[in-house]
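Engineer: Starting off with a structure, shown below.
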Amino acid sequence: MKLLGIIFDLDGTLANTMEVCLQAFQETLQHFEGRTISLQELFALFGPSEEGIVHRLLPDHGIEAYQYYLKSYERCHTACTQPFQGVEALLDHMRSSGLRIAIATGKSAETAEISMRILGLASRIEWLETGFIDRGDKPELIRRVVEGWGFLSEQVAYVGDVPTDLYAAEQAGVLPVGAAWAETSVLRQTELKDGWIVFERVEDLAAWITTG
């Protein structure tokens with residue numbers, strides 16, 4: 001069945017923003033409690049939005065800690081002002097081909113807005129679904145986009161950089177597509193399931209879309 005729309009993850013899929021997240025969390029933890037966190041420790045907390053993670057890490061500081069995190073996140077983002085090479089051309093090609101484009105991310109609405117603005121993605125993405133403060137539920141985010149488009153799930157693909165993204169795609173009934181071009185992606189070391197499609201270059205995903 002022909003694809004009519006593609007939904008993307010954001011961090012590690014459209015841009016190398018994982019280091020931005022890590023640095024902002026490190027600065028926030030250092031400021032409030034004088035401690036730090038590693039990338040692997042942060043990965044283990046993913047699921048809820050950044051707001052939920054901040055509340056889990058710093059329960060005694062609540063809203064103040066999250067506001068500090070947002071300021072740190074935007075400041076750290078100055079080191080990442082462009083999407084991965086080829087992403088802008090990919091999205092523009094998709095739009096010119098009539099494909100619908102969305103993002104479904106576990107990020108908070110605030111950090112997703114910051115990233116999309118700084119990366120110049122806001123004008124290229126028609127639909128944005130962001131995460132929940134109390135849980136991770138990407139299948140639900142994906143389903144919201146599919147239902148909003150009025151498409152069958154078989155007419156949509158979800159592109160993400162970690163295995164949980166592809167499992168979420170399966171649960172939502174859309175085509176699971178792996179983005180293994182980021183250094184932080186573990187898909188190259190992951191045993192792939194039948195039905196998963198994984199690309200190690202943005203250009204390869206673009207070529208796959210072009211050839212149908």
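The values are calculated or read from the model by the stated rules, or taken from the named source; none is laboratory data. A quick note: this is a predicted structure, and the numbers were derived from the prediction, not measured. FYI the Cβ positions are ideal-geometry reconstructions off the backbone, even for glycines, and counts take in every protein chain you see.
Engineer: Could you please let me know if Glu19 is of a type outside the set (Ser, Thr, Tyr) and under 27 Å from Gly120 (Cβ atoms)? Please lay out each step first, then the result.
Structural biologist: Numbers: of a type outside the set (Ser, Thr, Tyr): yes; under 27 Å from Gly120 (Cβ atoms): yes.
Against the criterion (of a type outside the set (Ser, Thr, Tyr) and under 27 Å from Gly120 (Cβ atoms)), Glu19 qualifies.
Engineer: A further question follows. Please find, among Ala112, Ala104, Ala44, the residue that is at pLDDT below 95 and under 25 Å from Glu183 (Cα atoms). Can you show your working first?
Structural biologist: Numbers: Ala112 fails: at pLDDT below 95; Ala104 fails: at pLDDT below 95.
Step by step, each of Ala112, Ala104, Ala44 is checked, and only Ala44 is at pLDDT below 95 and under 25 Å from Glu183 (Cα atoms).
Engineer: Considering only the range 136-155, how many residues are modelled with pLDDT of 95 or more, within 16 Å of the chain's Cα centre (by Cα) and either of a type in the set (Lys, Arg) or not in a helix (DSSP H, G or I) (or both)?
Structural biologist: Qualifying residue count for the region: 4.
Engineer: Further, regarding this structure: Of everything in the range 108-125 that's assigned to a loop (DSSP other than H, G, I, E, B) and of a type in the set (S, T, N, Q), which residue is surrounded by the most Cβ atoms within 10 Å (Cβ to Cβ)?
Structural biologist: The selected residue is Ser108.
Engineer: Something else about it: Here is a list: Ala24, Ala65, Ala102. Which entry is touching a residue at least 24 places away in the same chain (Cβ under 8 Å), in the same structural domain as Asp137 (by TED's automatic domain parsing), of a type in the set (Gly, Ala, Ser) and surrounded by 13 or more Cβ atoms within 10 Å (Cβ to Cβ)?
Structural biologist: Ala102
Engineer: Answer with yes or no whether Leu128 is out of contact with any Cys (no Cβ under 9 Å at 6 or more places or on another chain), part of a helix (DSSP H, G or I) and crowded, with 18+ Cβ neighbours inside 10 Å.
Structural biologist: Spelling it out, it is not the case that Leu128 is out of contact with any Cys (no Cβ under 9 Å at 6 or more places or on another chain), part of a helix (DSSP H, G or I) and crowded, with 18+ Cβ neighbours inside 10 Å.
Engineer: So, one more: Return yes or no: is Pro176 in contact with a Ser or Thr (Cβ under 6 Å, 6 or more places away or on another chain) and closer than 26 Å to Gln85 by Cα? Before you say what the answer is, go through the steps one by one.
Structural biologist: Details: in contact with a Ser or Thr (Cβ under 6 Å, 6 or more places away or on another chain): no; closer than 26 Å to Gln85 by Cα: yes.
So Pro176 does not fit the description; no.
Engineer: Now, a different point. Checking the structure you have, find out if any residue of the range 46-57 is in contact (Cβ under 8 Å) with a residue 40 or more places away in the chain and over 17 Å from the mean Cα position of the chain (by Cα).
Structural biologist: yes
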